[in-house]
Amino acid sequence: MRPRRTPVLGRRAVLRGLGLGLGAGALAACGIPPARQSADKCISTDQSGTQKLLNFSNWPSYMDESEEKVNGKTALPTLDAFQKQSGIRVTYTADVNDNSEFYAKVRDQLGTCQPSGRDIFVLTDWMAARMVSLGWLQKLDHAAVPNVDKYLLEQLKSPTWDPNRDYSVPWQSGLTGIAYNAKVTGEIGSWADLVGKSELKGRVTLLSEMPDTMAIMLRLVGADPGKFNDAEWSKALEKLESSVGSGQIRRFTGNDYVQDLNDGNIAACMAWSGDVLALQADNADIKFVVPEEGLNLWSDNMLVPNKATHKANAEALMNYYYDPEVAAELAAWVNYICPVEGARQAMEKIDPELVDNPLVFPDQAMLSKTSSFMPLDTAKAKLYETDFNLAIGG
Amino acid sequence: MSAVGQLSAASQTPAPPPPRSGRRLTAYLLLLPGGLWLLLFFVVPLVSLLAASLYDPNGSIEDGFSMTWSFGNFADTMADYARPFGRSLWYALLTTAFCLLLGYPLAYAIAMKAGRWKNLMLALVIAPFFTSFLIRTLSWKLLLSDNGFVVDALKWLHILGPDGRLLATTAAVVTGLTYNFLPFMVLPLYASLEKIDRRLIEAGGDLFAGPLTTFRVVTLPLSMPGVVAGTLLTFIPAAGDYINAQLLGTPKQRMIGNDIQRLFSAGAYPTAAALSVTLMAAIVVLVLIYVRRAGTDDLV
Amino acid sequence: MTSDLVLEGISKQFAGHRAVDNLDLTVPAGSFFALLGPSGCGKTTTLRMIAGLEEPTTGTIRLGDDEITGLRPYKRPVNTVFQNYALFPHLDIFENVAFGLKRRKVKDYKPKVEEMLDLVELNDYGKRRPGQLSGGQQQRVALARALINRPQVLLLDEPLGALDLKLRRQMQLELKRIQTEVGITFVHVTHDQEEAMTMADTIAVMNGGLIEQLGSPAELYDLPATTFVANFLGQSNLIRGAIIGQADENLIVDVQGRKVLVPKARCRVTEGEVWLGIRPEKVFLAPAGTEEGDGVNQLLGAVVTDVSYVGVSTQYLAKLPWGQELTVFEQNTGARDTFRAGDAVDLHWRPAHSFLLDAAQDALAGVEDVE
């Protein structure tokens, strides 16, 4: 071997390494391709005929559990019954903690028409709407889900972002209202009190999901969250900025307001009905209020992404959970609003106390006060997200 | 006497022979794993982050981002995020100062006075690392909660007013940061204090320097490498932290890390990347100035 | 300006052992005093108590009329040259030397530092860091740093221990020269008997926290008081014997049936079992059967078992009839016979060259401690 003359770490070696780095840079310099897909470009094949399998991603505490364990695992009664009845083996994972976070988890696959490894996942309206507009979801066959067509609550049948429920089926629904800790404060009856009452200064939290918080701000400036224009948006944003600026708002939270509310660190907050119901079981001081101005109704929706190979199995599961008996059993455990008509009657047998609980089966009076957030195209969504982000920055 | 100089010059060892090609190959092989690792997980991400900071700010995940060399991104984001940006550096500075004030006496006590308790005390300093950063910060939240005993005690002592609170204040965020990064200050300080030859301290005393003077002119200068390392290890991660601001603060305490994290998950890549790059650049510049001024290269 | 350094009843008790045991010592002003002993003998502890770095468990330390026992180190007119020098690595040579003066707020210290650097011949090195200097140069910086303060007592803790042999010799002479020049009391701790003998006016040989013997180098060597001193300071042949009487100024000692004489003044005991000591260079070999004159002690019937030629002298081992081997150094003057292994020889020496020690002492004390 001819002895080399270069020093230990030669210039050439350094250049080569730099070159590799720059190569990666050159790739990155081309930008990032669009993530939008379309049904004709991204074709999925269904293998449900041969594979009795289903991968199901859901939020934590969103599936009924039984007290006793089977083979060391917590039994999931309704899901276990589905598996037995249909012969489909379900891999159930509670790995959706946050809409944005889950979006980040799957966007690289779905954005490039790659399988995401899941056949069904559950996301909130606004994120589901985004995925519909991105063309990331498979169209459902209504013939395969007769129960859904038959029993889905009237108010939920045609959201603006998916008017025929072609891509989404609500899993559970919920209300965004006010919760307060009666040990710390008197009743808070309106959103105006929540963001304006000076006794509550620094002891109020709002939600960090933009549609939740902004729907309320829009209401407070007299706009309809279901249909508003840029001028109304700006006014709502100013309202938010002034509440933050005055120190009224302590934090913007996800689910984590639950602990603060329970501990009395905060007096009142914007809260999701199901969380409050769960909290009330242990702490009688926690109250949920339907504010004078109205409240938000939202759903978490079952979605079948592109390249999922068990769509028919997914549809079988959707249909199964729209059986009122099954829906009642699930609702009795998860405490959110049950989107299935007829489940209320079935609940009589399971938990009569819940039958009249408006946070599980809201009455018409309550439903009439609800609205959903206007669907936004991506450019608007981004603009509004940025506005919101800056406003809560203080 | 002049012979002494010659003698010692002669007794110096000759320069080592130049390495041969076999050894050179070994050097390459030894560099390979670390080099590849750095290339894959440092250079590539860094370059793509730099690239992302120059993408079209009007792009989106849905429609993609094209490279438009938008250097304006930096000015635009700084205009929007100057306050949390400045706040992050300020909090990091406060955190570093508190860590130094708390950490130096602690490290000194462990290194110089702990005797046989030394290992136990070091273990206690590191012990918080056995739980996750998040859990530790959540425990702080519990500790400082409005109905917790700390607040009650402070109210009883009239240090806090009847409506006073600790959570959701700047103090809570800086306290949380200080707590979380204290070990990063203590460990390098301990290492450099421990290394100091005790005879140097005795020599200070022997040469008419009282304990305080000895500390000022001997111990402190000799521990400067630890001070520099500790302050850097504290300042840099503290400036980029967002957990403490998220859990212990309010929107008014939001740090730049919160914005970067939020912008990234909202898909605003160019803005998030531009903020990250600016933060990195700011830290690098500050660190360079600091290291220059501290003159670490002069120290043994 | 200097005064005697006096230690009275000084003890130092550490957890589990007594490092220094009821020590009395007077170091005359202006003397070069060595504390000599093996490691662990208490010499360094004694030094540190004088410096104020350790506090005595009992006893008092005085400088002239001033008691300094409880005084903090930085308040004592005493400076130390530390083992391995303990130079401040973050300061340059000039600042190291100026350190003490600056602490005492001495104005205009610069010429003094220059002068001191001159004395140790390091004037061109002021801007360097200690790490850039050789061991010998560092040693001189340490000396300058201490001396510049004009202490009443300068303490030196194994100051030459880190230097190689040649450099050490040179520095020994250098230290002696400087001490003579500045006239300050030097207290020098060492385990190297040659170093102590070369430099010190007075040596205190320490062992086990006690002073075994104190005196000038010549006194210690010529007439050791204990087997420890006899073995630690140079080499000694110790032969078992018993006092059986006296004649004039001599005691008569029986060694395996042979009578030898030792002057009374050189005897530490006057009766019973004894060690008869003779330095190897004071014993002479003669071919077996050679008659020696009166007044010369003789042991007969030995055999040479080992010969090593070391140039200036030849070392013999001679085995006596009862099995003990004596060491004999013969100067290679050319005037005397040389021997080979196996030669039958007689041994002889002058009574004034031998000494008697108590047989209760260990004949091997101090042998293994010599480094």
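The values are calculated or read from the model by the stated rules, or taken from the named source; none is laboratory data. Given the structure is predicted, the values throughout are model-derived calculations rather than measurements. Here Cβ is always computed from backbone atoms with ideal geometry, including for glycine, and neighbour counts include all displayed protein chains.
Here are a few things to note about the model shown:
- Check on A:Ala365, modelled with pLDDT under 85, within 14 Å of chain B (Cβ to nearest Cβ) and surrounded by fewer than 16 Cβ atoms within 10 Å (Cβ to Cβ): no
- Those helices (runs of 4 or more DSSP H) lying entirely in region A:177-259 with at least 1 residues among the basic types (Lys, Arg): A:210-220, A:230-245
- Of all residue pairs spaced 6 or more apart or on separate chains, those with beta-carbon atoms under 8 Å, a first member in region C:90-102 that is facing chain B (nearest Cβ under 9 Å) and among the aliphatic types (A, V, I, L, M) and a second member that is in a helix (DSSP H, G or I) and surrounded by fewer than 19 Cβ atoms within 10 Å (Cβ to Cβ) are C:Leu101/C:Lys112.
- The residue of region B:222-250 that is nearest to the other protein chains (Cβ to nearest Cβ), among those that are assigned to a helix (DSSP H, G or I) and closer than 20 Å to B:Lys113 by Cβ, is B:Leu222.
- Those residues of region A:190-219 which are under 25 Å from A:Asp260 (Cα atoms), aliphatic (A, V, I, L, M), crowded, with 19+ Cβ neighbours inside 10 Å and at pLDDT 90 or above, in sequence order: A:Leu194, A:Val195, A:Leu200, A:Val204, A:Leu206, A:Leu207, A:Met214, A:Ala215, A:Ile216, A:Met217
- Consider region C:316-340 and keep the residues that are polar (S, T, N, Q) and not in a strand (DSSP E or B). The one that is nearest to C:Arg258 (Cα to Cα) is C:Gln324.
- Test: residue in region A:103-111 that is in a loop (DSSP other than H, G, I, E, B) and buried (at least 17 other Cβ atoms within 10 Å of the Cβ): no
- Qualifying residue in region A:274-290 (condition: charged (D, E, K, R), touching a helix residue (DSSP H, G or I) at 6+ places or on another chain (Cβ under 9 Å) and within 28 Å of A:Gly226 (Cβ to Cβ)): yes
- Pair list, Cβ < 8 Å and 6+ apart or interchain, from region B:165-183 residues that are away from chain A (no Cβ under 14 Å) to residues that are in a helix (DSSP H, G or I) and small (Gly, Ala, Ser): B:Leu177/B:Ala92; B:Leu177/B:Ala238; B:Phe181/B:Ala238; B:Leu182/B:Gly103
- Residues of region C:226-240 that are over 10 Å from the mean Cα position of the chain (by Cα) and touching a residue at least 60 places away in the same chain (Cβ under 8 Å): C:Thr226, C:Thr227, C:Phe228, C:Ala230, C:Asn231, C:Gln235, C:Asn237, C:Leu238, C:Ile239, C:Arg240.
- Listed conditions (1) touching a Lys or Arg at 6+ places or on another chain (Cβ under 8 Å); (2) within 14 Å of another protein chain (Cβ to nearest Cβ) are all met by C:Lys105, apart from (1).
- Residue tally, condition in contact (Cβ under 8 Å) with a residue 40 or more places away in the chain and either under 24 Å from the mean Cα position of the chain (by Cα) or farther than 30 Å from B:Ser53 by Cα (or both), over region B:71-126: 28
- Subset of region B:242-271 (residues that are in contact with a Leu (Cβ under 6 Å, 6 or more places away or on another chain) and without any contact (Cβ under 8 Å) to a residue 40 or more places away in the chain): B:Ile260
Residues are listed down the side, and each one gets a yes or a no for (1) outside the structural domain of C:Arg150 (by TED's automatic domain parsing); (2) more than 17 Å from the chain's Cα centre (by Cα); (3) polar (S, T, N, Q); (4) modelled with pLDDT of 95 or more:
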| site | (1), (2), (3), (4) |
| --- | --- |
| C:Ala15 | no, yes, no, no |
| C:Ala19 | no, yes, no, no |
| C:Leu23 | no, yes, no, no |
| C:Thr26 | no, no, yes, no |
| C:Ala29 | no, yes, no, no |
| C:Phe33 | no, no, no, yes |
| C:Gly37 | no, no, no, no |
| C:Gly40 | no, no, no, no |
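- Only one of B:Asp197, B:Asp241, B:Asp259, B:Asp206 that is in contact with a strand residue (DSSP E or B) (Cβ under 6 Å, 6 or more places away or on another chain) and not β-branched (Val, Ile, Thr): B:Asp206
A quick yes/no check of all residues on (1) modelled with pLDDT under 95; (2) hydroxyl-bearing (Ser, Thr, Tyr); (3) not in a loop (DSSP other than H, G, I, E, B):
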site: C:Leu71; (1), (2), (3): yes, no, no
site: C:Tyr74; (1), (2), (3): yes, yes, yes
site: C:Pro89; (1), (2), (3): yes, no, no
site: C:Phe94; (1), (2), (3): no, no, yes
site: C:Val97; (1), (2), (3): no, no, yes
site: C:Val106; (1), (2), (3): yes, no, no
site: C:Leu117; (1), (2), (3): yes, no, yes
site: C:Glu121; (1), (2), (3): yes, no, no
site: C:Asp124; (1), (2), (3): yes, no, yes
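- Residue count, region C:5-23 (criterion: in contact with a strand residue (DSSP E or B) (Cβ under 6 Å, 6 or more places away or on another chain) and either among the polar types (S, T, N, Q) or in a loop (DSSP other than H, G, I, E, B) (or both)): 2
- When B:Lys141 is tested against (1) on the phi > 0 side of the Ramachandran plot; (2) at the interface with another protein chain (Cβ under 10 Å from one of its Cβ atoms); (3) out of contact with any strand residue (DSSP E or B) (no Cβ under 9 Å at 6 or more places or on another chain), exactly one condition is not met: (1).
- Hits in region C:111-152 (condition: within 18 Å of C:Arg177 (Cβ to Cβ), among the acidic types (Asp, Glu) and within 12 Å of chain B (Cβ to nearest Cβ)): C:Asp118, C:Glu121
- The one condition in (1) surrounded by fewer than 17 Cβ atoms within 10 Å (Cβ to Cβ); (2) over 19 Å from B:Ala294 (Cα atoms) that B:Arg216 fails to fulfil: (2)
- Strands (runs of 3 or more DSSP E) contained in region C:154-251 and holding at least 3 residues surrounded by fewer than 20 Cβ atoms within 10 Å (Cβ to Cβ): C:210-215, C:237-247
- C:Leu160 being within 24 Å of C:Cys41 (Cβ to Cβ), touching a residue at least 12 places away in the same chain (Cβ under 8 Å) and out of contact with any Asp or Glu (no Cβ under 6 Å at 6 or more places or on another chain): yes
- Some residue of region B:134-145 being among the β-branched types (Val, Ile, Thr) and in contact (Cβ under 8 Å) with a residue 60 or more places away in the chain: yes
- Number of residues in region B:53-69 that are out of contact with any strand residue (DSSP E or B) (no Cβ under 7 Å at 6 or more places or on another chain) and more than 7 Å from every other protein chain (Cβ to nearest Cβ): the value is 4.
- Check on A:Leu237, under 22 Å from the mean Cα position of the chain (by Cα) and aliphatic (A, V, I, L, M): no
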